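Notes follow the structure.
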Amino acid sequence: MGSIRLSLPMLLYFVVICATLLLTNRCCVVAKWNHRPNIVLILTDDLDVSIGGMTPLTKTRKLIGDAGMYFSNAFVASPLCCPSRASILTGKYPHNHHVINNTLEGNCSSRDWQKSQESQTFPVILQAYAGYQTFFAGKYLNQYGSPDAGGMEHVPLGWDYWVGLEKNSKYYNYTLSVNGKPRSHGGNYSQDYLTDVLANMSLDFLQYKSNYRPFFMMVSTPAPHAPWSPAPQYQDSFNDIKAPRDPNFNVHGKDKHWLIRQAKTPMTNSSIRYLDETFRKRWRTLLSVDDLVEKIVKRLEVRGELGNTYIIFTSDNGYHTGQFSLPLDKRQLYEFDIKVPLLVRGPNIKPNQTSGLAVQNVDLGPTILDMAGYNINKTSMDGMSFLSVLEGHVNSSTWRMDILVEYEGEGSNISDPACPLLGPGVSECFPDCVCEDSFNNTYACVRTVAPSANLQYCEFDDNEVFVEVYNITADPYQLSNLAKSIDEEVLEKMNHRLMMLQSCSGQSCRTPGVYDTRYKFDPSLMFRHNRLRHHQK
C-alpha cells in the first residue's frame, strides 16, 4: 500500500478539527461538572439540641437554618463520636460498619476499618464518580493518627486535600496531618486555636480550588467537646448562664436501667457547680464555630457560589448536663443524647422551613450523593436521601416512620479504686462514683416519629434484659418508663421490629415499621391502661 501524504493546508485542517473535538469534549465535561452543586458539611462535636446547644449560634441559625430548613427530629445512629462519625461517612448503621466505640479495639479508625469501610465512604464516590474535588479539615475518627492505624501519614481515600486532627478534639497543642505530613501546633491563640485554624484553611481552599469542578468540603470542629477551651475574646461570655433545670434535671431515674438508677440524687453541690461551669464553657467554644460558619458563608457569597452550594450543619451526638442526675456525657438512649441539630440551606430549598420528619445521620451520605446527582441505589448504604424533603416533595405519609439507635457500652475490667463497691465493668466515673458507662450499657432502640405515634422502644443486652418505652408526645422529658404497662402483644410487635432493624442492611433498613398504617397497627393500644393515653389524641 502506498503512503498517504498530506499537504500543509490539509494537515492544519486536521489539527484544527482535532483541537476542536478535544475542546468540545472538555467543555462538555466542564459544563457537566459546573452544573452540579457544591456541598459543605459542617460537623460539630457533642453539640446537643435538647438542652439549648443551638442558642449561642445566632449567626448559624440565621445564615443556614433561617435560609433553609430546620429538622426537629434528627437523630444519630449511635450517641458516641466514632460510631456516629463512621455512620456519617458510610451511611450505615453500626452493626454494618462494625465501629462499636472510640478505641482501636472497637474498630475506630483501625486497619480493618480502613480496608473494609473507608474505601466505601461517600467522599470516595463523590471524588471518583461524580467529579468532585474534596476537602476535609478537623476531627475525623477518634483514633486517627495512631501508629497502629497507619500514623499521620495515612490519608483516607476520597480526599484531594486532607487536614486531619490526630486523635480526639483539642483546641491547642495538637498535631494535624496535612496531606499526610505532620504539622504541630502550640498554645498561641492567633496561630493555633483549632476552630480558627480550620476556618482559615477552609477559606484558603475556597480561594485556591479549581473553578472548573464542583467541590465537597467537610469541616469538623472540636467544639463543643472537652476540654472546652474558649477563644480569649469569649472567655467571659455567658457568665450568668446555668445548665437548664428541665423536669428531668437532678431527678432520680427510678424506673430506668441500673446505670441510671445508680446515679445519686440529689446531686452533690460540687457536681452541680462543675456541670454549670462546663455548660458555660461549651457555649463559649461555640461562638468561634459561629464565626467559622459566617466566614464560610460570606466567602461563598463574595465568590458568587453561595446560590449553588448546599450547606449542612449538624453534630455527631447530643449531650447531657445533669439529666437524671448524670453529670456529663452522651452515651445514653434518651433524647438529649441521640437527638442533634440539623440545618440545611441550598438550591431549591425555600427559607424558614421546619420539618418534623425523622431523619438520621446515616442519611447524610445518601443525601449528599443525591445532591451530587449520583444514583444512590448503586450503594449499599442503610440510610435514605432526604433531598426530596428539602425540596418539599415529600409528606409524612410517604416518609419512613422509624429509625434504629444502637450502642455497645464500654467498661473497665478492674474496679475503679475510687469506687470499689461498684466492682469492675464501669467507666467514665465521677468523683462521687456516678458512672456514665458500663459493659452492659449496651442497648438498641426503635425511635418512631409518625403522625399517630412519637415513641421510643429500647432493649438492653444485660442480665435483666431491661426494656424502656416512652411516649414522647405525652412525656417529652422521658420521666415515665411505660414498659410494664404495655400489653405483651404490643411489646412483641416492637421487639420484632427492633430485631428486623438490628439485622437490616441497605434497602431492608428502609422498609415500613410496625407503626406504618400499611401494617394496620394502632399505637394507641400501647397506652390503653395508662393515664397518658389521652395525650396521644
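The values are calculated or read from the model by the stated rules, or taken from the named source; none is laboratory data. Remember, predicted model here, so these are calculated numbers, not experimental data. Here Cβ is always computed from backbone atoms with ideal geometry, including for glycine, and neighbour counts include all displayed protein chains. For accessibility, only protein heavy atoms count, side chains too; no ligands or nucleic acids. Shrake-Rupley method; radii C 1.70, N 1.55, O 1.52, S 1.80 Å.
Please go through the range 334-375 and give me each residue that is open to solvent by 40 Å² or more (accessible area, probe 1.4 Å) and charged (D, E, K, R), ordered by number. Passing the criteria: Arg345, Lys350, Asp370. Among residues of the range 353-380 that are of a type outside the set (S, T, N, Q), those with a Cβ under 6 angstrom from a residue that is outside any helix (DSSP H, G or I) and open to solvent by 50 Å² or more (accessible area, probe 1.4 Å), sequence gap 6+ or separate chain, pair up as Gly356/Ser72.
When the helices (runs of 4 or more DSSP H) confined to the range 329-417 are screened for residues that are under 15 Å from the mean Cα position of the chain (by Cα), those reaching at least 3 such residues are found at 335-338, 364-371. Scanning the range 198-217 for residues that are within 23 Å of Thr175 (Cβ to Cβ), crowded, with 18+ Cβ neighbours inside 10 Å and either without any contact (Cβ under 8 Å) to a residue 24 or more places away in the chain or in contact with a Gly (Cβ under 8 Å, 6 or more places away or on another chain) (or both) yields a single hit, Leu198.
Within the group Ser427, Ser452, which residue is open to solvent by 10 Å² or more (accessible area, probe 1.4 Å) and touching a strand residue (DSSP E or B) at 6+ places or on another chain (Cβ under 8 Å)? Full working, then the answer.
Values: Ser452 fails: touching a strand residue (DSSP E or B) at 6+ places or on another chain (Cβ under 8 Å).
Matching residue, one of Ser427, Ser452: Ser427.
Could you check the range 338-392 and list, in sequence order, the residues that are more than 30 Å from Gln323 (Cβ to Cβ) and of a type in the set (Lys, Arg)? Within the range 338-392, Arg345, Lys350, Lys378 meet the criteria. Pairs are defined by a Cβ separation below 8 Å, a sequence spacing of at least 6 or placement on different chains, a first member in the range 170-196 that is closer than 20 Å to Glu153 by Cβ, and a second member that is surrounded by 13 or more Cβ atoms within 10 Å (Cβ to Cβ) and modelled with pLDDT under 95; no pair meets this definition. Any residue at all in the range 30-44 that's at pLDDT 95 or above, hydroxyl-bearing (Ser, Thr, Tyr) and over 22 Å from Gly346 (Cα atoms)? Among the residues of the range 30-44, not one is at pLDDT 95 or above, hydroxyl-bearing (Ser, Thr, Tyr) and over 22 Å from Gly346 (Cα atoms), which makes the answer no. From the list Cys445, Cys433, the lone residue that is out of contact with any Ser or Thr (no Cβ under 8 Å at 6 or more places or on another chain), open to solvent by less than 30 Å² (accessible area, probe 1.4 Å) and closer than 17 Å to Val405 by Cβ is Cys445.
Applying the condition of being in contact with a helix residue (DSSP H, G or I) (Cβ under 7 Å, 6 or more places away or on another chain) and not acidic (Asp, Glu) to the range 483-499 and asking which residue is farthest from Lys256 (Cα to Cα) yields Val490. Within the range 376-385, the only residue that satisfies the criterion of being among the charged types (D, E, K, R) and open to solvent by 20 Å² or more (accessible area, probe 1.4 Å) is Lys378. For the range 426-485, the set of residues classified as touching a Cys at 6+ places or on another chain (Cβ under 6 Å), among the hydrophobic types (A, V, I, L, M, F, W, C) and under 30 Å from Trp399 (Cα atoms) consists of Cys445, Cys458, listed by residue number. I'd like to know if the range 146-157 contains one or more residues that are in contact with a strand residue (DSSP E or B) (Cβ under 8 Å, 6 or more places away or on another chain), on the phi > 0 side of the Ramachandran plot and open to solvent by less than 30 Å² (accessible area, probe 1.4 Å). No - not one qualifying residue is present in the range 146-157. Considering the range 282-324, the residues that are farther than 20 Å from Lys59 by Cβ and surrounded by fewer than 23 Cβ atoms within 10 Å (Cβ to Cβ) include one that is farthest from the chain's Cα centre (by Cα), namely Gly304. Taken over the range 57-70, residues that are open to solvent by 10 Å² or more (accessible area, probe 1.4 Å) and more than 14 Å from Val40 (Cβ to Cβ) amount to 6.
Number of residues in the range 386-403 that are surrounded by fewer than 20 Cβ atoms within 10 Å (Cβ to Cβ) and within 17 Å of Leu342 (Cα to Cα): the value is 3. Just so you know, in the range 475-503 the residues that are in a loop (DSSP other than H, G, I, E, B) and over 24 Å from Phe336 (Cα atoms) include one that is most open to solvent (accessible area, probe 1.4 Å), and it is Ser503. State which residue is surrounded by the most Cβ atoms within 10 Å (Cβ to Cβ) when the search covers only the range 242-271 and only residues that are in a helix (DSSP H, G or I) and touching a Gly at 6+ places or on another chain (Cβ under 7 Å). Result: Ile260. Filter the range 73-113 down to the residues that are open to solvent by 30 Å² or more (accessible area, probe 1.4 Å), farther than 22 Å from Asp329 by Cβ and in contact (Cβ under 8 Å) with a residue 40 or more places away in the chain and list them by number. Correct list: His95, Asn96. For Gln143, the conditions (1) within 19 Å of the chain's Cα centre (by Cα); (2) surrounded by fewer than 22 Cβ atoms within 10 Å (Cβ to Cβ); (3) more than 25 Å from Leu286 (Cβ to Cβ) all hold with the exception of (2).
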